[in-house]
1. Rg over Rh of region 200-270, using C-alpha atoms and the Kirkwood radius, what does it come to?
2. Once you place label points 7 Å from the Cα toward the Cβ at ASP331 and TYR302, how far apart are they in nm?
3. Comparing PRO90, PRO284, PRO129, which has the greatest mean-square fluctuation in the GNM of the chain with Cα pairs linked when under 10 Å apart?
4. Order these by the 10 Å Cβ neighbour count, fewest first: LEU298, LEU98, LEU27.
5. Helix-only mean residue ellipticity at 222 nm, the chain, DSSP H runs n ≥ 4 weighted -39,500 (n - 2.57), per residue, nearest 500. What is it?
6. List the residues, sorted by chain then number, that are 5 or more residues from LEU14 or on another chain and whose placed amide H is less than 5 Å from its amide H.
7. So for LEU276, LEU45, LEU109, fewest C-beta neighbours within 10 Å to most, what's the order?
8. Mind ordering 318-329, 58-69 by average Cβ neighbours within 10 Å, highest first?
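Where a number appears in this text, it was derived from the coordinates with a stated rule and is not lab data. Quick caveat: nothing in here was measured; it's all calculated off a predicted structure. Glycine also receives a Cβ, built like all others from the backbone with ideal geometry; neighbour counts cover every protein chain displayed.
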Amino acid sequence: MVKKVLKEFKVEYLQVLDENGSCDEALMPKLSNDEIKNLYEMLVLTRVFDQKAFNMQRQGRLGTYIQFKGQEACQVGSAMALEDKDFIFPMYRNSALLIARKQPIVQVLQYWSGDERGSISPQNVNNFPIAIPVGTQTVHAAGAAFAAKLQGKKQVSAVYFGDGATSKGDFHEAMNFAGVFQVPAVFICENNQYAISVPRAKQTHSETIAQKAIAYGIEGIQVDGMDVFAVYKAAKDAVDKARSGKGPTLIECYTYRMADHSTSDDASKYRTKEELELWAKKDPIERLEKYMRKKGLLDDAYKNNVLTKSQEAVEKAVTEFEKLPPPDPKDIFKYVFAEMTQQQKEEMEDIFG
């Protein structure tokens with residue numbers, strides 16, 4: 001009898017920018033000064049939006065809202081690595097991703113008000129609707145990537161999910177399928193340490209989320225999810241690899257949710273103030289500001305100008321959103337299929353005349 005001992009599998013951990021704004025130049029991705037500023041401006045814009053949307057929910061002007069504070073770098077950094085023609089499959093915490101992917105802020109607000117017209121993707125941009133069920137979008141992303149491969153299109157499918165989703169069957173089916181057929185997909189896990197109120201250690205025994213890729217013959221990498229440069233670099237490498245036909249990648253963005261799970265939650269019941277304060281020191285925006293000051297790319301005037309412009313853009317979108325007429329109830333029937341069935345036509349006529 002021969003016993004084989006498998007060595008413990010390890011995955012790479014990538015950090016480019018530390019909490020003090022110091023950068024490992026050997027790992028720094030190729031970004032121009034303008035591109036770095038664009039990243040910063042989008043991070044600020046999405047942070048301003050997040051706070052405004054939260055305030056509006058508390059004022060009764062939006063429905064239940066799910067904040068992403070602390071996770072901006074995961075979404076903005078990876079979005080920059082994608083092309084408009086690429087598919088994204090967002091989860092419910094991905095408003096920043098959608099804004100970075102050219103979804104008008106007005107439409108994001110529409111979505112959170114219960115108006116599904118907010119889910120309509122802009123022309124020539126392939127943004128799929130937000131998935132509320134945990135993990136289901138991973139299967140859709142693998143399928144879209146497979147379709148692109150069969151059609152010979154150089155499109156990449158990027159899917160976003162939390163750490164809790166990696167304990168769901170959909171995730172494992174999608175990963176297995178993607179590995180077997182070597183589809184051009186990038187799986188991006190925003191590991192914010194909690195699946196609602198369940199800490200990561202109590203819903204998976206894996207040392208990392210990234211190492212789950214190994215079982216499916218897929219490359220896995222763990223990155224500092226509050227380091228926008230590390231996220232961009234990992235995403236760019238994975239997207240380029242997928243586009244060139246070399247298969248999928250699982251990226252674990254190690255990050256933190258600096259807010260409640262949703263506006264229906266109270267995170268103070270399951271995590272400490274000290275924990276939150278510790279993670280707040282890793283804030284992705286403050287970290288980037290420190291780096292940009294050292295490089296002469298940011299001063300107080302520029303910082304204030306970016307904040308003011310972001311606030312103005314969000315307030316303008318809010319004004320426009322609140323002037324929109326409500327959706328037509330007939331839309332319930334009109335947009336289930338490409339063309340209405342005879343039964344739908346009859347039901348709509350019975351109800352509305």
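1. We get a ratio of 1.07 for region 200-270.
2. 4.1
3. So, out of PRO90, PRO284, PRO129, the one fluctuating most is PRO129.
4. Lowest count first: LEU27, LEU298, LEU98.
5. Details: 12 runs with 150 residues, N = 353.
Helices in the chain give a 222 nm mean residue ellipticity of -13500 deg cm²/dmol.
6. GLN222, VAL223, ASP224
7. Values: LEU276 16, LEU45 23, LEU109 26.
Ordered from fewest to most neighbouring Cβ atoms within 10 Å, LEU276, LEU45, LEU109 come out as LEU276, LEU45, LEU109.
8. Details: 318-329: 12.4, 58-69: 16.8.
My ranking of the peptides, most packed first, is 58-69, 318-329.
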